[in-house]
Structure formats: structure tokens, C-alpha cells
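Report on the structure given below.
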Amino acid sequence: MKLNIFQSLILGMLLSACGSPEKQPEQAEVFKANPKPVAEQTVTTLEIGAAAPDFKLPGVDGKWHSLDDFKAAKALAIVFTCNHCPTAQAYEARLKAVEKDYRSKGLSVVAISPNSPLGLQYEELGYTDLNDDFEEMKIRAKNQQFDFPYLYDGDNEAVSLKYGPVATPHVFLFDAQRKLAYTGRFDAIEKPGAANSEDLRAAIDAVLAGKPVATPVTKTFGCSTKWGWKLDYKDKVQKEWEAKPVSVAKLDEAGVKKLLKNDGSEKLRLINVWATWCGPCILEYPDFIVLQRMFGARDFEFVSLSADKPDQEAKALKFLKEKFSAVPNYLFSEEDKYALIEAVDPNWNGALPYTILVEPGGKVVWSHQGEVDFYALKQAIVEHPKIGRYF
């Protein structure tokens, strides 16, 4: 079939529109954490004079970072730290201050979390609102306004094994040739405000001046690195928790008021009012047990209060046993649910679940109706003066 000029023009336009699409720019490699057990091995700390091992690790900024990214730095501080450790948290402000004070002088700072999330127990999280997962590292970096890369090595700890951090935080300071010039602590006093990274600052000053560090190795105090082979003890602790006895006792209106008054206790008391027929209640309940395991060794206790009918004690107990609720568990013994509401909190309108945090003496410091934002709740607990993030 012969086409006239107009038809040929239209056909050409259509073919052009349907032609091969322009090549799209390559998308950045998206990282999804997948921590796995690591074979047990001997870990040795990098020695003074050794070259910095190369790395390629994902950062909380969504980018991948390697040693070569910092080739222009006159000195490079690689700090192994983490979210959960109280010592690591105590040094966060000092780490930021060192980076800020020496940035213009040629220092680059990189923070790496060496811990395997698999090796971390609930019972080790008593000073934090965050664990060491990659996603929660993003929260820490944002909250603390880290102005340096914060990298994750928790999947296989391959980089950390080359450096050999014994605890968090552990500093490795390299010179312009990327030879290790200093390894160890920031300073000798953990308490925030009591020291100013004197050991690290002296080492940085020496490196930038081209001089040897007077004390190139110092001891490191903090939480031991959570290597990916430390899983047997975690399983042991889990089984011990699951073997704890679980019981439920009935509590009348006067007993509930006494529970909320929290007299004769030195503990921050978290009370969750729930019921077996309440969907959100049963879905979120295991997270309250996690809180007890996290903070239970400190001035904190979780107490459960069932709003099931008094004759549903067996049903409530069955649920509590299934959830390994080895905490003080109570069932309201009266039929009048409005009496329960007033006894717990006159400001509560009665919808379940209801959660309330009270100090000794009964002062309410946090309360929430409905499903709980557990990060917000953990913040309320750990920021309370009776708990805190540091020793």
C-alpha cells in the first residue's frame, strides 16, 4: 500500500513515539538487613602501624560507604559503637563534638555498628529505647543528628572482625597513610560532662602534626561486641523465661486503686488493662513482656490487669501462659466495669486497651488509650529519672 506524504508523516511520528526508551540512570543499590549466624572464631584487635582494612558498608543515609570515600582526610577516626550500650550512648555527644571540632582540620569520622542483632538479648536493652537493628540505627542517627556516616555491619560482621573492636565504643585512629596510630577509648571517665575525649583529642593532635601518639593503645570499657556466634546463651535465657511460672490473681476495686497508688514500691510501674476479647490487646501484649525483660532488672515492673469477666479466669490464665506472662497478673473481680475505669484513671473513657505508667506514690507520667506506640513508651521509660541511659 502506497502512503501519501501526510500519512507518511503521521506514521513517522508514531514510530518515533514508540521507539526505544531512553536509558534510565542506574538506581542506587537498596540494602535490606539480613543478619545471619557467624562461625565462632578468635578475634584480635588491629595492631598499631597496621593498614586500615577496606570496607563497603551500608549507611543510615541510604548510601554505601568505603574506605576510599575518605581518602582526602588527613586523619580518619573509625569508631565502633551501637544503639543499645549505655557507654556508647554516654559518648555520643563527645563523638559529635570531636567530629565538629576537627572537621576543618582534616579529620573524618566514621561510626560502625559491629553488633549482630541476633546476638542481642532483651535483657541487655535496659538502658535504651532502641536495639541494634539497621532500621533502628536510622532512628538513632536522626535523633542524635549524627553529622557523619553511621554504618551497619550486623549481617556478617566481616569488617568488624578485621578491626577487632572489643567493646562499644572502641576508637581506631588512622593517619594520612591509613596506618593505625591510636586505638582504645575516648577518655577515662564515662559520665557525660565529666571528660572531653582527652585521649582521643591528644592522639588526633599528634597525627595531624605528623608526630607519634604518646600513648597509642588504651584499654576500652563498654559493652562487649555482640558477635554472631553468641546465640546459645540467648536461647538458654529464652528457655529460662518461658519456664517461669505464670499465675493470675483477682483484684477488687480497692486493690486496683492500691495498685495504681504504687505505694511501698521504688519502681516505675507500667499497667496494661486488657481483655481476651479485645483484638488489639492480644496482638500487642507480647511487646509488654519484652518491656519487662528489657527493664525488669532496673527500677521498673510491668503489671497486667485483665478486664475479662470474673468467671473468665481460666480463659485469661490460658492466654497469659501462652504469652509467657511471668509478671504480676490480675483479673478484676467485680462485674462493674465502670468501677474499674474510675479506679484505674478517671480520665480514661473505658475503651481497651489502656496503658498507664505511674511513679511510686501514684503520679501518672504517661498514659495511652488504644494500641501503644512502643517506641514512644520506651522513650518515656528510659528517659525517666528512675531509669536513664547511663550508669
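Quick note: the coordinates plus some simple rules give every number you see, no bench work behind them. Treat the numbers as computed from the prediction; the structure is a model and nothing was measured. Don't worry about glycine lacking a Cβ; one is built from the backbone with ideal geometry, like all the others, and counts go over all protein chains shown.
Would the chain count as rounded, prolate or oblate if I go by the C-alpha gyration tensor, calling it rounded below 1.5 in a/c and otherwise prolate when a/b exceeds b/c, oblate otherwise? Present the calculation step by step, with values, prior to reporting the outcome.
Values: a/c = 2.46, a/b = 1.33, b/c = 1.86.
Verdict is oblate for the chain.
Distance between Cα centroids, region 315-391 to region 106-162: provide it in whole Å.
After rounding, the separation between the Cα centres reads 30 Å.
Each label point is 7 Å from the Cα along the Cα-to-Cβ direction; what then is the distance between the points at Ala72 and Leu231, in nm?
For Ala72 paired with Leu231, the spin-label model returns 4.3 nm.
For each pair in Lys100/Lys219; Lys261/Lys323; Lys36/Lys138, compute the distance between the two Cα atoms and list the pairs where it is over 23 Å.
Numbers: Lys100/Lys219 25 Å; Lys261/Lys323 27 Å; Lys36/Lys138 20 Å.
Distance filter (> 23 Å) returns Lys100/Lys219; Lys261/Lys323.
At 0.36 nm per residue, and after removing the present C-alpha to C-alpha distance, how many nm does the segment from Ser265 to Ala39 gain when stretched out fully? Walk me through the numbers before you get to the answer.
Details: separation 226, 0.36 × 226 = 81.36 nm, distance 4.50 nm.
Difference between extended and current length: 76.9 nm.
List Trp229, Trp274, Trp366 from most exposed to least, where exposure is judged by having the fewest other Cβ atoms within 10 Å.
On the way: Trp229 14, Trp274 24, Trp366 17.
Fewest-to-most Cβ neighbours within 10 Å comes out as Trp229, Trp366, Trp274.
Gain in length, Ala158 to Lys321, computed as 0.36 nm per residue apart minus the alpha-carbon separation, to one decimal in nm?
Values: separation 163, 0.36 × 163 = 58.68 nm, distance 4.02 nm.
Extra length available between Ala158 and Lys321 comes to 54.7 nm.
First measure r as the distance between the Cβ atoms of Glu335 and Tyr390, then evaluate 1/(1 + (r/R0)^6) with R0 = 45 Å and state the FRET efficiency to the nearest 0.05.
0.40
Taking every DSSP beta bridge with both residues inside the chain, roughly what % is antiparallel (nearest 5)? Numbers along the way, then the final one.
Working: 26 of 49 bridges.
Roughly 55 percent of the DSSP beta bridges within the chain come out antiparallel.
What trypsin sites (Lys or Arg not before Pro) in region 290-391 are in a loop by DSSP, with at most 11 other Cβ atoms within 10 Å of the Cβ?
Values: sites: Arg293, Arg298, Lys315, Lys318, Lys321, Lys323, Lys337, Lys363, Lys378, Lys386, Arg389; in loops: Arg298, Lys323, Lys363, Lys386, Arg389.
Those that pass, being in a loop and sparsely packed, are Lys363.
Take Cys281, Cys82 and order them by how many other Cβ atoms sit within 10 Å, fewest up front. Spell out each step's value before the answer.
Details: Cys281 22, Cys82 30.
The most exposed by this proxy come first: Cys281, Cys82.
Mind running the shape call on region 56-224? Use the C-alpha gyration tensor, a ≥ b ≥ c as the square roots of the eigenvalues: rounded below 1.5 for a/c, prolate if a/b tops b/c, oblate otherwise. Please report the intermediate quantities before stating the final value.
On the way: a/c = 1.64, a/b = 1.34, b/c = 1.23.
Cα axes put region 56-224 in the prolate bin.
Identify which of Phe174, Phe80, Phe55 has the largest mean-square fluctuation in a Gaussian network model of the chain, with springs joining Cα atoms closer than 10 Å.
The residue that fluctuates most here is Phe55.
Okay, helix-only estimate at 222 nm for the chain: each DSSP H run of n ≥ 4 adds -39500 (n - 2.57), divide by all residues, round to 500 deg cm²/dmol; what do you get? Write down the numbers at each step before the final one.
Numbers: 12 runs with 121 residues, N = 391.
Value at 222 nm, helices only: -9000 deg cm²/dmol.
Work from the charge dipole of the chain (Cβ charges, +1 for Lys and Arg, -1 for Asp and Glu, about the Cα centre) and give the residue of Gly350, Ala339, Thr183 farthest towards its positive end.
So the residue we want is Thr183.
Go through region 83-89 residue by residue and turn each phi into a ³J(HN,Hα) via Karplus (6.51, -1.76, 1.60, θ = phi - 60°); whole Hz please, and just put x for glycine and proline.
Values, residue by residue: 6, 7, 5, x, 5, 4, 5 Hz.
Using Cα atoms only, what is the angle between the long axis of helix 279-295 and the major principal axis of the chain, expressed in degrees (0 to 90) to the nearest 10?
70
Given R₀ = 25 Å, FRET efficiency for Ile282-Tyr375 by Cβ-Cβ distance, to 0.05? Mind dumping the intermediate values first?
Values: r = 21 Å, r/R0 = 0.82.
For R0 = 25 Å, the calculated efficiency reads 0.75.
Over region 56-224, what is the mean sequence separation of C-alpha contacts under 8 Å (at least six apart), divided by residue count, expressed as relative contact order in percent? Show your work: numbers first, answer last.
Numbers: 315 pairs, mean separation 48.8, N = 169.
This gives 29 percent for region 56-224.
Can you compute the modelled spin-label distance between Val365 and Lys32, with each label point 7 Å from Cα toward Cβ, in nm?
Simple spin-label model gives 3.9 nm for this pair.
Relative contact order for the chain: what is it in percent, counting Cα pairs under 8 Å that are at least 6 residues apart?
18
Could you give the length gained by full extension between Asp147 and Glu383, i.e. 0.36 nm per residue of separation minus their alpha carbon distance, to one decimal place? Provide the component values of the computation, followed by the final result.
Numbers: separation 236, 0.36 × 236 = 84.96 nm, distance 2.34 nm.
The Asp147-Glu383 span can extend by a further 82.6 nm.
Can you pull the one-decimal nm distance between simple spin-label points at Asp311 and Arg103, each 7 Å off the Cα toward Cβ?
Distance between the two pseudo-spin positions: 6.9 nm.
Determine, for Glu47, Glu342, Glu92, the number of other Cβ atoms within 10 Å of each Cβ, and report the residues in order from fewest to most. Present the calculation step by step, with values, prior to reporting the outcome.
Details: Glu47 11, Glu342 15, Glu92 19.
Ranked by crowding around the Cβ, least crowded first: Glu47, Glu342, Glu92.
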